[in-house]
1. Carbon and sulfur together cover what percent of the accessible area of the chain at a 1.4 Å probe radius?
2. Just the number: Rg to Rh for the chain, Cα atoms, Kirkwood Rh, two decimals.
3. Would you work out the relative contact order for the chain, in percent, from Cα pairs under 8 angstrom that are 6 or more residues apart?
4. Give me the net charge for the shell around L64: Cβ to Cβ below 10 angstrom, other residues only, Lys and Arg +1, Asp and Glu -1.
5. Over the chain, with a Gaussian network built from C-alpha contacts below 10 Å, which listed residue (S51, S23, S40) shows the highest mean-square fluctuation?
6. Treating only the Cβ atoms of Lys and Arg (+1) and Asp and Glu (-1) as charged, compute the dipole magnitude of the chain about its Cα centre; round to the nearest 20 debye.
7. Skip the ligands, DNA and RNA, and give the accessible area per residue of the chain with a 1.4 Å probe, whole Å².
8. If you keep only loop residues by DSSP, which trypsin sites (Lys or Arg not before Pro) in segment 26-80 have at most 15 other Cβ atoms within 10 Å of their Cβ?
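The values are calculated or read from the model by the stated rules, or taken from the named source; none is laboratory data. Everything numeric here is computed off the predicted structure, so don't read it as measured data. Here the Cβ positions follow ideal geometry from the backbone for every residue, glycine too, while neighbour counts run over all protein chains shown. The protein model used for the area step is the full one, side chains on, heavy atoms only, and it has no ligands, DNA or RNA in it. Shrake-Rupley method; radii C 1.70, N 1.55, O 1.52, S 1.80 Å.
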Amino acid sequence: REKTILVYPNPGTHTVFVEWPASLSVDRVELLAADGKSLSVWREFGSAGLSVPVAHLPTGIYFLKIQDRQQVWLEKVLVD
């Protein structure tokens with residue numbers, strides 16, 4: 001199965017880019033701490049991606065929760 005969501009660079013230091021096919025109707029992207037705490041939520045972005053600033057975050061493991069009307073993707077992000 002082809003991977004639908006791309007997250008790069010991973011690990012990231014300043015900005016992490018999230019890309020998805022324009023055919024997906026992504027309506028929400030959320031940045032979560034490793035414990036599940038919501039750190040940021042985006043509801044407005046381009047039709048095929050988003051730039052997530054991570055320079056202010058401590059080194060560690062985070063998750064990006066990407067949602068459209070039918071599915072939820074959870075992508076692990078490492079911050080250096």
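1. Whole-percent figure for carbon plus sulfur exposure: 51.
2. The Rg/Rh ratio comes out at 0.94.
3. Here the relative contact order equals 34 percent.
4. Within the 10 Å Cβ shell, the charges total 0.
5. Comparing S51, S23, S40 in a Gaussian network model of the chain, the most mobile one is S23.
6. Once rounded to the nearest 20, the dipole reads 140 debye.
7. Each residue of the chain exposes 62 Å² on average to a 1.4 Å probe.
8. Sparse-neighbourhood loop trypsin sites (Lys or Arg not before Pro): K37, R43, R69.
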